[in-house]
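Asks: Take this structure, written in structure tokens, and hold onto it; I'll ask about it next.
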Amino acid sequence: MASPTLIRIADIAAHEGEQVLLQGWVQARTGKGRLHFIRLRDGSGIVQCVAFRHEMDEDGFALARALTQEAAIRVSGEVRRDERAPGLPGGYEVGVQRLELVGAAEEYPITPKEHGVEFLMDRRHLWVRSSRQWAILRIRATIVSAMRNWLDDEGFLLVDTPIITPAAGEETTTLFDIDYFGEQAFLAQTGQLYNEANIAAFGKVYCFGPTFRAEKSRTRRHLLEFWMLEPEIAFCTLEELMELQERFISHVVGTVLEKHSQELALVGRDTTALERIKAPFPRISYDEAVERLHALTSTIEDAEQRELLAIEHGEDFGSPQETAIAEQFDRPVFVYHYPTAVKAFYMEPLAERPELCRSVDLLAPEGYGEITGGSERIHDLALIEERVAQIGLPREAYDWYLELRKYGSVPHSGFGIGLERTVAWICGLPHIRESVPYARMLNRKSP
RNA sequence: UCCACAGUAGCUCAAUGGCAGAGCAACCGGCUGUUAACCGGUAGGUUCCUGGUUCGAGUCCAGGCUGUGGAGCCA
């Protein structure tokens, strides 16, 4: 008998008829007397191992009988093709000849039956082993690499921005503050201000890292710690920014569809909605969005519903408004030229209507809300100084940022995309907490 | 911060104000094709906490705690 080769389950199809060695964890076991089925998980995939009494020594079979969920084992045997075999990729099973226990498992709390949210989130360190969570986190990793690869290929440079910062990026109400040897500092809520410095060195840059917002919001779309990717481009207009974003998003969705049909099936995602995600995306102005909402509201009979969607021109959209607008399209929709007053201080006002600014949000379909937010930035020194003063931000903290406008200031634009919201949308998750390995929320900082 | 709902076995849930229950998991036994197997058996309870009403409270009342869904805020 040939000595077995150690393989990963993902590659099992290439080893049909061969003696192989697998190492992993028992996802499930069912006994049939002299026959036991062991569903083995090794991180790359899932395969059914079949232990027949007559094919094994007595100790090995006794072990197979006694295996508990999540026991760590090594299995060697022959790879067979069998249509009945479940798993990932599936269709193959291993006839067990030798079995070795590497690490025993006590009674595992996450059984194959249903569990509540709190129970699972308390055991997130174990829950990541479950198929659905495994699939989501694999898709998340692909989304990250697709985003970065696309930007790298487009000539962007990754330039990391600091996580500990001396000042708020945008406002001061939602920052985590930390003790910086007796001085106050904050965890970054954006890398954008630094990106604006970096474009003058590199032209097109992006930063990607965790950002922190101490918002007391408790919704299915919010985390206190989330990952954001922020491209920034010199000599770029709002229109060019939208064009860039739609190509970027289309590429990311396309990559996931291409690489993860199995994972999307595991999470129960209807991929026809994703296959429509191709540039160009519809674009509507804030003015038009408000008109659409007014038109929609006038057709609604239910007073409570109407109240929820009510909006005055000049107000920002809430979740119900965002969802209602996005529902009118089958692809992500750009909403541009928001009121200056509801947006960040650095956004360029429209020359002809300064109460509006050259901003754009991208609203994902199916109620996933805003996944990107961006704008053209103010590049005029006097105007940005005025805005900093107006907003009441401490001038000293922004000295370096304002100084950028003194040395070759150019029109420039950028956007930020929330990774977790993107993952939630692409995977069709009901709640953002499943889109990140270890969620940080209002009532949760552990595990 | 506001609104709504919930908390009973390890898990998911039942129980008209009147004996604390089921399925799954665990444990013991059976089964050569299971897919969240099936069949028989065993064990498993501070009904979230504090107080109140009542002959009697898991159930009704008050306060609190925790969680869930939504709003606001945002990516």
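Asks: Just one of the numbered conditions (1) closer than 13 Å to residue A:96 by Cβ; (2) in contact (Cβ under 8 Å) with a residue 24 or more places away in the chain is not true of residue A:8; which one?
Replies: With respect to (1) closer than 13 Å to residue A:96 by Cβ; (2) in contact (Cβ under 8 Å) with a residue 24 or more places away in the chain, residue A:8 is out only on (1).
The rows are residues; the columns are (1) under 25 Å from residue A:204 (Cβ atoms); (2) in a loop (DSSP other than H, G, I, E, B); (3) open to solvent by 60 Å² or more (accessible area, probe 1.4 Å); (4) hydroxyl-bearing (Ser, Thr, Tyr).
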{"position": "A:386", "(1), (2), (3), (4)": "no, no, yes, no"}
{"position": "A:389", "(1), (2), (3), (4)": "no, no, yes, no"}
{"position": "A:396", "(1), (2), (3), (4)": "no, no, yes, no"}
{"position": "A:401", "(1), (2), (3), (4)": "yes, no, no, yes"}
{"position": "A:404", "(1), (2), (3), (4)": "yes, no, no, no"}
{"position": "A:408", "(1), (2), (3), (4)": "yes, yes, yes, no"}
{"position": "A:415", "(1), (2), (3), (4)": "yes, no, no, no"}
{"position": "A:433", "(1), (2), (3), (4)": "no, no, no, no"}
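Asks: A further question on this structure: Out of A:141, A:168, I need the residue that is at pLDDT below 95 and either closer than 30 Å to residue A:260 by Cα or of a type in the set (A, V, I, L, M) (or both). Which one?
Replies: A:168
Asks: Could you name every one of the strands (runs of 3 or more DSSP E) located completely within the range A:175-276 that has at least 1 residues being outside the structural domain of residue A:346 (by TED's automatic domain parsing) and away from RNA strand B (no atom under 13 Å from the Cβ)?
Replies: Correct list: empty, since no element meets the threshold.
Asks: Could you run through the range A:331-345 and say how many residues are loosely packed, with under 14 Cβ neighbours inside 10 Å and not hydrophobic (A, V, I, L, M, F, W, C)?
Replies: Residues that pass the stated criteria total 0.
Asks: Condition (residue is open to solvent by less than 10 Å² (accessible area, probe 1.4 Å), under 21 Å from residue A:422 (Cβ atoms) and more than 19 Å from the chain's Cα centre (by Cα)) applied to the range A:175-188: is it met by at least one residue?
Replies: No: the range A:175-188 contains no residue that is open to solvent by less than 10 Å² (accessible area, probe 1.4 Å), under 21 Å from residue A:422 (Cβ atoms) and more than 19 Å from the chain's Cα centre (by Cα).
Asks: Checking residue A:379 against (1) within 16 Å of RNA strand B (Cβ to nearest atom); (2) outside any strand (DSSP E or B); (3) over 21 Å from residue A:135 (Cβ atoms); (4) in contact with a strand residue (DSSP E or B) (Cβ under 8 Å, 6 or more places away or on another chain): exactly one of these is not met. Which one?
Replies: Failed condition: (1).
Asks: Can you go through A:102, A:79, A:96 and tell me which one is more than 8 Å from RNA strand B (Cβ to nearest atom), closer than 29 Å to residue A:259 by Cβ and not in a helix (DSSP H, G or I)?
Replies: Exactly one residue qualifies, and that residue is A:79.
Asks: Return a yes/no flag: does the range A:284-296 have any residue that is out of contact with any helix residue (DSSP H, G or I) (no Cβ under 8 Å at 6 or more places or on another chain), at pLDDT 90 or above, in a helix (DSSP H, G or I) and among the aromatic types (Phe, Trp, Tyr).
Replies: yes
Asks: Further, regarding this structure: Any residue in the range A:400-421 that's over 30 Å from residue A:139 (Cβ atoms): show its pairings with residues that are within 16 Å of RNA strand B (Cβ to nearest atom) and part of a strand (DSSP E or B) at Cβ separation under 7 Å, as long as the two are six or more apart or on different chains.
Replies: Hits for this filter: A:411/A:376; A:412/A:232; A:412/A:377.
Asks: Okay, moving on. Which condition from (1) open to solvent by 20 Å² or more (accessible area, probe 1.4 Å); (2) under 23 Å from residue A:130 (Cβ atoms) is the one that residue A:54 breaks?
Replies: With respect to (1) open to solvent by 20 Å² or more (accessible area, probe 1.4 Å); (2) under 23 Å from residue A:130 (Cβ atoms), residue A:54 is out only on (2).
Asks: Just to be sure before I move on: is residue A:417 within 12 Å of RNA strand B (Cβ to nearest atom) and in contact with a helix residue (DSSP H, G or I) (Cβ under 6 Å, 6 or more places away or on another chain) in the structure I sent?
Replies: no
Asks: Just for the range A:18-42: of the residues that are in contact (Cβ under 8 Å) with a residue 60 or more places away in the chain and open to solvent by 50 Å² or more (accessible area, probe 1.4 Å), which one is nearest to RNA strand B (Cβ to nearest atom)?
Replies: A:25
Asks: Can residue A:67 be described as assigned by TED's automatic domain parsing to the domain that holds residue A:43, over 30 Å from residue A:232 (Cβ atoms) and within 14 Å of RNA strand B (Cβ to nearest atom)?
Replies: It is true that residue A:67 is assigned by TED's automatic domain parsing to the domain that holds residue A:43, over 30 Å from residue A:232 (Cβ atoms) and within 14 Å of RNA strand B (Cβ to nearest atom).
Asks: Let me ask something else. Please work out if residue A:110 is at pLDDT 95 or above and surrounded by 13 or more Cβ atoms within 10 Å (Cβ to Cβ).
Replies: no
Asks: If you don't mind, another one. Among the residues of the range A:215-228, is there at least one that is buried (at least 16 other Cβ atoms within 10 Å of the Cβ), over 16 Å from the mean Cα position of the chain (by Cα), among the charged types (D, E, K, R) and more than 24 Å from residue A:337 (Cβ to Cβ)?
Replies: No.
The values are calculated or read from the model by the stated rules, or taken from the named source; none is laboratory data. Just so you know, these numbers come straight off a predicted model, no measurement behind them. Counting neighbours? That spans all protein chains shown, and the Cβs are built from the backbone with ideal geometry, glycine included. We work out accessible area using only protein heavy atoms, side chains counted, and drop any ligands, DNA or RNA first. Shrake-Rupley method; radii C 1.70, N 1.55, O 1.52, S 1.80 Å.
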